[in-house]
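The values are calculated or read from the model by the stated rules, or taken from the named source; none is laboratory data. Keep in mind that this is a model prediction, so the values were computed, not measured. Virtual Cβ from ideal backbone geometry, glycine too; neighbours counted across all protein chains shown. The area values use the complete protein model at the heavy-atom level, side chains included, leaving out ligands, DNA and RNA. Shrake-Rupley method; radii C 1.70, N 1.55, O 1.52, S 1.80 Å.
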Amino acid sequence: MARYLKTGITEDAAAEADAQVRQIVEEIIADIKKRGDDAVRDWSQKFDNWAPADFKLSQADIDMAYAALEPQTIEDIRFAQAQVRGFAQIQRDALKDVEVETLPGVILGHKNLPVNSVGCYVPGGKYPLVASAHMSVVTAKVAGVQRIISVAPPFEGKPNPAIVVAMHMAGADEILCVGGVQAVAAMALGTQSIAAVDMIVGPGNAYVAEAKRQLFGRIGIDLLAGPTETLVIADETVDGELCAADLLGQAEHGPNSPAILLTNSEKLAHETMAEIERQLTILPTAPIASKAWADYGQVIVADSYEEMVQIADEIASEHVQVMTKDPDYFLHHMNNYGALFLGHRTNVSYGDKVIGTNHTLPTKKNARFTGGLWVGKFIKTCTYQRVLTDEASVMIGEYCSRLCKIEGFAGHKEQADIRVRRYGRKETT
């Protein structure tokens, strides 16, 4: 039986916070739908103290961003994007168009078609999340999306140069400095200056995720990527220092970011908790990480690998760091996770920034039914059919007619019957 040495806030408290977020997002979306650019500018001024004449960056703005960066920074961005692009291309190549003759004269197939236009949201208010530009824009580009808008909020009162450069290098067609719900709503609804897109992707805070949820249906979304989550699965083969670093490294994302240790070693559990308190005294982002750990951190001690898998699948965490003597056991037995990080040599930060897999991943147990952002999210797999012979049309038509009669669809039945009558006629001489 698992023992919980530390728990976070209650589900009721979390639900209350979610309700407050919903109300605020509804108000902002309704206002932008009604007033367009003026509403976007007002909300941007309120939340970010940012209301330029034009949110869209000019080529001169982009050139200034490049000039503000060290050459090594530009090279590091280029390297990271090369890794993301390379893996995305491998994934794209795995998506094949198909066409097959399933019955004599009956051809079925599908084509993989990219979405026409996408808005890529890059978080940047608290931290300039440069990597999110790689993950969304590069991946959309590899998928073949024709028009890509990329947006990010101002950072310290202006567009962040590294984010701007990353967006531009990734291939964004339009770059805007605007964030929050107002950015998501503007891209989804369209305004006087921003043409609406077909799909919005990218991570964000609870407000951004809720905006995507409310707008889903009008536009497509990748997934509801809310506050960052991490689960560290560990046994006695690692130490508390490493576990603490991996927990706090994700807890620093925000004060509501869950960080959970799941172990079969009570000794490691206590060591990790003590080490977290020590590291919080020296971590520059401790004000955020300590709040997240206090309110959302958990420490769970299980009796076996089997029980650890069961608990991990119930948690369905966005990130799962596995540091055990047999990491592949969890690879082969777990079903619910955004991404796995196997072994003590890798970690979530590698995946977040540079290794090549995508860091936009499902949160709030959504890993039970979806994976993360990948090139396939930008692809529509659309089917088609072709009937080549009279005989095939009559054969399928006879089955179809009888099945339509069962359902009472007279019009559907006639679509079949007219072809049975027409193509079932025998030639006479």
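Values as computed for the structure displayed
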{"item": "Gaussian network model of the chain, Cα within-10 Å springs - most flexible of ALA225, ALA339, ALA30", "result": "ALA30"}
{"item": "Per residue, in Å², the accessible surface of the chain once ligands and nucleic acids are set aside, probe 1.4 Å", "result": "49 Å²"}
{"item": "MET395 accessible area, 1.4 Å probe, all protein chains in place, Å² to nearest 10", "result": "60 Å²"}
{"item": "Around ALA2: net Lys/Arg minus Asp/Glu count, Cβ-Cβ under 14 Å", "result": "-4"}
{"item": "Rounded to the nearest 20 debye, dipole of the stretch 291-429 from Cβ charges on Lys, Arg, Asp, Glu", "result": "860 debye"}
{"item": "For the chain, size of Cβ-based charge dipole, Lys and Arg +1, Asp and Glu -1, in debye", "result": "1820 debye"}
{"item": "Theoretical gain in end-to-end length, ASP18 to LYS405 [0.36 nm per residue, Cα-Cα removed]", "result": "134.5 nm"}
{"item": "Cut-off under 5 Å, modelled amide H: who pairs with GLY202 long-range", "result": "TYR121, ASP222, LEU223"}
{"item": "Spin-label pair GLN89/ARG425, simplified geometry with 7 Å Cα→Cβ offset, distance in nm", "result": "5.6 nm"}
{"item": "Among LEU342, LEU69, LEU224: highest mean-square fluctuation, GNM of the chain, C-alpha pairs under 10 Å", "result": "LEU69"}
{"item": "Segment ARG368-GLU236, extension gain: residue separation times 0.36 nm, minus the distance between their alpha carbons", "result": "44.7 nm"}
{"item": "Residue-count net charge about HIS110 - beta-carbon cut-off 12 Å; Lys, Arg +1, Asp, Glu -1", "result": "+1"}
{"item": "Neighbourhood charge, 12 Å Cβ-Cβ cut-off, centred on VAL320 and excluding it, Lys, Arg +1 and Asp, Glu -1", "result": "-4"}
{"item": "Placed amide H near ALA2: partners under 5 Å, 5+ positions off or other chain", "result": "none"}
{"item": "For q = 0.12 Å⁻¹, Debye-computed log10 I/I(0) when each Cα of the stretch 320-429 counts as one equal scatterer", "result": "-0.64"}
{"item": "Which labelled figure in (i) 21.0; (ii) 27.5; (iii) 26.3 is mean projected area of the Cα convex hull in nm², once derived from the coordinates", "result": "(ii)"}
{"item": "Cross-link pairs beyond the 21 Å C-alpha cut-off, checked among LYS141/LYS365; LYS291/LYS325; LYS212/LYS380", "result": "LYS141/LYS365; LYS291/LYS325"}
{"item": "Of ASP198, ASP38, ASP235, the one that fluctuates the most in a GNM where the chain has Cα springs shorter than 10 Å", "result": "ASP38"}
{"item": "Dipole of the chain, positive end: most advanced residue of TYR423, VAL320, LEU242 [Cβ charges, Cα centre]", "result": "TYR423"}
{"item": "Karplus 3J(HN,Hα) series, Hz, for the stretch 283-293 with 6.51 cos²θ - 1.76 cosθ + 1.60 (x for Gly, Pro)", "result": "6, x, 9, 4, x, 7, 4, 5, 5, 4, 5"}
{"item": "For SER265, distant residues with modelled amide H under 5 Å away", "result": "ALA302"}
{"item": "The chain: relative contact order as a whole-number percent, Cα under 8 Å and 6+ apart", "result": "19 percent"}
{"item": "Pair LEU388, GLU101: separation of 7 Å Cα→Cβ label points (nm)", "result": "0.4 nm"}
{"item": "Computed [θ] at 222 nm, helices only, for the chain once each DSSP H run of length n ≥ 4 contributes -39500 (n - 2.57)", "result": "-14500 deg cm²/dmol"}
{"item": "Fraction in percent of alpha-carbon pairs per bin - 10 Å, the stretch 1-124", "result": "8, 17, 20, 25, 20, 9, 1"}
{"item": "The stretch 25-47-the stretch 57-76 distance, computed between alpha-carbon centres (Å)", "result": "30 Å"}
{"item": "Cα centroid separation, the stretch 387-429 to the stretch 190-211 (Å)", "result": "47 Å"}
{"item": "Assigned charges on the beta-carbon of Lys, Arg, Asp, Glu; the stretch 293-340 dipole about Cα centre (debye)", "result": "140 debye"}
{"item": "For the stretch 309-359 versus the stretch 93-129, the gap between their alpha-carbon centres in whole angstrom", "result": "26 Å"}
